[in-house]
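Please read the structure below before turning to the comments.
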Amino acid sequence: MMETWVSFITEVGFPIAVTFYLLHRIEGKLNQLIDSIHDLPEKMR
């Protein structure tokens with residue numbers, strides 16, 4: 001598994017790998033934000 005990541009970083013470059021990592025991290029927070037927005041009308045009642 002680690003060899004695959006090292007090979008990937010070597011082939012496509014460090015900035016692209018960092019971008020994918022950050023997008024993956026942000027995805028979870030965006031899903032949490034969307035759920036909070038959907039629950040907001042119920043909580044305001």
Inset, instruction - Mind listing whichever residues of the stretch 16-45 are under 9 Å from the mean Cα position of the chain (by Cα) and not β-branched (Val, Ile, Thr)? - result: 20, 21, 22, 23, 24, 25, 27, 28, 29, 30
Inset, instruction - May I ask you to list pairs of residues, at least six apart or on different chains, whose Cβ atoms are under 6 Å apart, with the first in the stretch 6-33 being surrounded by 10 or more Cβ atoms within 10 Å (Cβ to Cβ) and the second being in a loop (DSSP other than H, G, I, E, B) and among the basic types (Lys, Arg)? - result: none
Legend entry - Qualifying residue in the stretch 1-22 (condition: among the aliphatic types (A, V, I, L, M) and not in a helix (DSSP H, G or I)): yes
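Coordinate-derived values only; no laboratory data. On a predicted model such as this, the values are computed, not experimentally measured, just so you know. Heads up, the Cβs are rebuilt from the backbone with ideal geometry, glycines too, and the neighbour counts pull from every protein chain shown.
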